[in-house]
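The values are calculated or read from the model by the stated rules, or taken from the named source; none is laboratory data. Predicted model only: the values in this text are computed from it and were never measured. With ideal geometry, Cβ positions are generated from the backbone for all residues, glycine too; neighbour counts draw on all protein chains shown.
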Amino acid sequence: AVEGWLLRGYICRAFGQNEALHYVAAERAALCDSGAAEALVPTTQELMQMGGVLHCEQLRSEHRLRKAPWVLRMIERQLLRSEHGERTFERLLAHMVLFPPLPHPERVDCTELVLRRCQKACGVDLNAFAQHWIYEARPCPTIGANFAYSKRRFLAELVVITPALTSADAQLTSSLCVGWGEADSSEDALPQHKYFNVTERPQLLEIEVDARRRRRKRRTRGDEGDELTREEEERVVVGANVPLLWLRVDPHLEWAMRVRWTGKPDEPRWSGQPEFMCKEQLWHDRDVASQEEAARALSTFSTHSAIDALLWTVYDTQAYFRVRTAAIQSLGDLVQPATDYAALSKLIRYFREKYCDEFQIRPNDFSDFPRYHVLKALVEAIGCARDASGATPAEAFSLLIELLDDNDNTANEYDDGYYLGAIIRVLAGTRCKSKGETNLIVAQIQRHLRLDALNKSHQRALTRCCLQALTQLELSGRRAPDWQL
């Protein structure tokens, strides 16, 4: 647990708070999506099944290594809400991480001692929390939610449905935070938050939204790509006269849980909000995890306005690159007949504008870290595009081939093995309309295998990607197995 907590602190220190928020959100999503149920402290039943003792690789399983830092984070967030919680947690960590690791009278080296110290110093009772999240094998809970806004009362009414006490899921043993955005006269948006004690199932939470605030008019982009403008102050009118800009459950990522909005329970990317609120959240919330969530949610709206909102984010170089890559992935999901495949044409146009000179692909330059990740996201989004018949559009396929043929890494100080490997793996995942295109893919893979044999990439990354691509083609039945390779 401490290792994971220190890793998050290192990411924050070395790469910034935005990257740390992205890391926390990604770890939570992976933990909840795994669906595994393992207790951090092995249960008696688990020990009996394994002969009374667990091997090191079982104690340090992938699920436990991911869950333990999150349990420590949940304890930290509960302590920080108490009077002396921050100082107590800092002292607790200092007693857990001692160097050199020798016997010490104040050393904290067991779970029970951690819980006892927290209760003694801050008065926070963690017994119920420990039972659900540490000692019992329970999966992460799924919270049902939906909301409506009352114009007459200026209230957002949020219904939260927690797992039943008899269910196998872990329970929320402390308060739940709800965040929302409303306009302010001095800033683009003023995030608000409020904690609720979830005591019933379901429970109605009422959130007062101040509709009397005044603010500047929101930035807008014209249909022809005009520059962003700000006009004089005016009263808050968002969408259908709703002053509520966005709404989130657990905005501070304090619980290892997922939220399913009852309007579209089968669509995990939807955030429970209409399109205009997703745009507000994407453009004006400063929280990176919130912006990524909004970008994914916009991929559920097959409209030209959603495509334009995501494209604006891609063009915005001030936005964090993780948000821009999330917007590109959503544009790839919006390549649909309902919008005449407008998202694909705009992705290709963006690539031609930013990475080509007079229709010639520029030489590689990976010195700009965000620009490199945006380029890789573009390649993956374009390669995953499909037409109405499920085949890869011709313009997407030809661009991938062009990227491999015209790749120039002579002036680049960084190795391009991972970049080329990503293109090849995306190319192997395309759906070709003819046998000739499949043969062209195989020829490209074999050519790069020979190139990597002559000039080895870092850790033979390119060779590994080529072999994975060949395996993918053979497993899908598009190429006969070649046992001589």
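Matching residues to (1) in contact with a His (Cβ under 9 Å, 6 or more places away or on another chain); (2) in contact (Cβ under 8 Å) with a residue 60 or more places away in the chain; (3) surrounded by fewer than 17 Cβ atoms within 10 Å (Cβ to Cβ); (4) in a loop (DSSP other than H, G, I, E, B):
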residue: 396; (1), (2), (3), (4): no, no, no, no
residue: 409; (1), (2), (3), (4): no, no, no, yes
residue: 414; (1), (2), (3), (4): no, no, yes, yes
residue: 430; (1), (2), (3), (4): no, no, no, yes
residue: 433; (1), (2), (3), (4): no, no, yes, yes
residue: 439; (1), (2), (3), (4): no, no, yes, no
residue: 446; (1), (2), (3), (4): no, no, yes, no
Checklist entry - Mind checking which residues of segment 247-271 are in contact with a Lys or Arg (Cβ under 8 Å, 6 or more places away or on another chain), under 23 Å from residue 182 (Cβ atoms), in contact (Cβ under 8 Å) with a residue 40 or more places away in the chain and not acidic (Asp, Glu)? => result 252, 253
Checklist entry - Out of 376, 354, which single residue is free of Cβ contacts under 8 Å to residues at least 24 places away in the same chain and under 27 Å from the mean Cα position of the chain (by Cα)? => result 354
Checklist outcome for this item: Among the residues of segment 296-327, the number that are in contact with a helix residue (DSSP H, G or I) (Cβ under 6 Å, 6 or more places away or on another chain), in a loop (DSSP other than H, G, I, E, B) and of a type outside the set (Phe, Trp, Tyr) is 3
Item to check | Condition broken by residue 67, with the remaining ones in (1) exposed (fewer than 15 other Cβ atoms within 10 Å of the Cβ); (2) part of a helix (DSSP H, G or I); (3) of a type outside the set (Phe, Trp, Tyr) satisfied | outcome: (1)
Checklist outcome for this item: Checked segment 328-350 for anything more than 18 Å from the chain's Cα centre (by Cα), assigned to a helix (DSSP H, G or I) and among the β-branched types (Val, Ile, Thr); matches are 339, 348
Checklist outcome for this item: Note: among 129, 154, 147, just one is aromatic (Phe, Trp, Tyr), crowded, with 20+ Cβ neighbours inside 10 Å and closer than 26 Å to residue 273 by Cβ, namely 147
Checklist entry - If you go through segment 240-267 one residue at a time, how many are surrounded by 15 or more Cβ atoms within 10 Å (Cβ to Cβ) and either at pLDDT below 90 or part of a strand (DSSP E or B) (or both)? => result 12
Item to check | Single match in 380, 353, 293 (criterion: farther than 27 Å from residue 420 by Cβ and in a helix (DSSP H, G or I)) | outcome: 293
